[in-house]
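Undergrad: Quick one: the structure is below, and I'll ask about it shortly.
The values are calculated or read from the model by the stated rules, or taken from the named source; none is laboratory data. In this text the structure is predicted, and so the values were computed from the model without any measurement. Note that each Cβ is placed from the backbone with ideal geometry, even for glycine, and that neighbours are counted across all protein chains shown. Calculation scope for accessible area: heavy atoms of the full protein, side chains included, ligands and nucleic acids excluded. Shrake-Rupley method; radii C 1.70, N 1.55, O 1.52, S 1.80 Å.
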Amino acid sequence: MTSEIDTDRPTEAADRQRSVSSTIAGVLVEEIRDGTFPEDSPLPTERALCERFGASRPTVREALAQVQMRGFARGGAGRRPRAALPSMDSALRAAAGHVRDVLGDAESGAHLEQMRQFIEAGAARTAAARADSLQIAKLRSALAANAEAIGTAEFAATDIAFHRALVAVVGNPVILTLHDMFVSTMIAHRPTTEDAARYDSIAHGEHREIYEAVVARDVLRATDVMDRHLERSWRARLAAPHGPEKNDRSTGG
């Protein structure tokens, strides 16, 4: 008859292995950070790491997998891992892949829309407060391209470009990367509408209002119009038909 302690032993062994592998991974990450293993240099072989840490091959392999998962090594497919130094961009892009996997869930999509509204309302406020002449010129160019694309398949791209030009005024690469990663994917998942030109015209009119508020240095108006613009766009998409129609495409925003 198997005792309770016997049943627990495999779990305890697995926990010990995870603990040891995490310790080894931590040491390797610190050595990559301090230059002991320069970027793109090969990490020690599994055998060498087994001897160094007195660990089994499965434990060492798990440690190397953790190092790669944290972005401090690259490799695979039978090749020795090489040291890497993760950037903010690579870390965000790794997370983005997981987020995109759940975009089909309505609640997840709503959370992303809320994040976008928070970022872009802040961007509109910042742009109205301190956009310089070059940044305003870029906004004006993006707005003009947006006007020319009304009623065409290119409208979505010009929509994204206008919003990106606004977010770029903030000067924060983390915020801009988040915006770049999610906004185009969000638009690709929007339901279609059979009256694209009408929705495009509404969206462009709101873009123009935001631009005019930025030029006038009207912080409150720029923020308010952006909030209304994204709220209207989000509600319009919720109400849009889901079936494919002739000349249908995503609603603007």
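Undergrad: Could you check how many residues of segment 34-69 are more than 15 Å from Arg80 (Cα to Cα) and of a type in the set (Phe, Trp, Tyr)?
TA: So the count comes out to 1.
Undergrad: Follow-up question, since we're still on this one. In segment 40-54, which residue that is in contact (Cβ under 8 Å) with a residue 24 or more places away in the chain and touching a helix residue (DSSP H, G or I) at 6+ places or on another chain (Cβ under 6 Å) is most open to solvent (accessible area, probe 1.4 Å)?
TA: Taking the candidates together, the pick is Phe53.
Undergrad: While we're here: For Ala222, state whether it is open to solvent by 10 Å² or more (accessible area, probe 1.4 Å) and modelled with pLDDT of 95 or more.
TA: no
Undergrad: While we're here: Just checking, how many residues over segment 113-134 are assigned to a helix (DSSP H, G or I) and open to solvent by 20 Å² or more (accessible area, probe 1.4 Å)?
TA: So the answer is 12.
Undergrad: Identify, please: which residue in segment 135-165 is in contact (Cβ under 8 Å) with a residue 60 or more places away in the chain and open to solvent by less than 10 Å² (accessible area, probe 1.4 Å) and is, among those, nearest to Arg198 (Cα to Cα)?
TA: By that ranking, first place goes to Phe155.
Undergrad: Residues that are open to solvent by less than 20 Å² (accessible area, probe 1.4 Å), in a loop (DSSP other than H, G, I, E, B) and touching a helix residue (DSSP H, G or I) at 6+ places or on another chain (Cβ under 8 Å): does segment 27-39 have at least one?
TA: No, segment 27-39 contains no residue that is open to solvent by less than 20 Å² (accessible area, probe 1.4 Å), in a loop (DSSP other than H, G, I, E, B) and touching a helix residue (DSSP H, G or I) at 6+ places or on another chain (Cβ under 8 Å).
Undergrad: Follow-up question, since we're still on this one. What are the pairs, 6+ residues apart or on separate chains, where a residue within segment 203-225 that is assigned to a loop (DSSP other than H, G, I, E, B) has its Cβ under 9 Å from a residue that is of a type outside the set (Lys, Arg)?
TA: Filtered contacts from segment 203-225: Ala216/Ala128; Ala216/Ala222; Arg217/Ala128; Arg217/Ala129; Arg217/Ala131; Asp218/Ala128; Asp218/Glu212.
Undergrad: Could you count how many residues in segment 143-179 are under 23 Å from His111 (Cα atoms) and of a type in the set (D, E, K, R)?
TA: 2
Undergrad: Quickly run through segment 114-134 and pick out the residues that are in contact (Cβ under 8 Å) with a residue 40 or more places away in the chain and over 12 Å from Val225 (Cβ atoms).
TA: Met115, Arg116, Gln117, Ile119, Gly122, Ala123, Thr126, Ala129, Ala131 - these are the residues of segment 114-134 that are in contact (Cβ under 8 Å) with a residue 40 or more places away in the chain and over 12 Å from Val225 (Cβ atoms).
Undergrad: Give just the number: which of (1) at pLDDT 95 or above; (2) not in a loop (DSSP other than H, G, I, E, B) does Asp6 not satisfy?
TA: (1)
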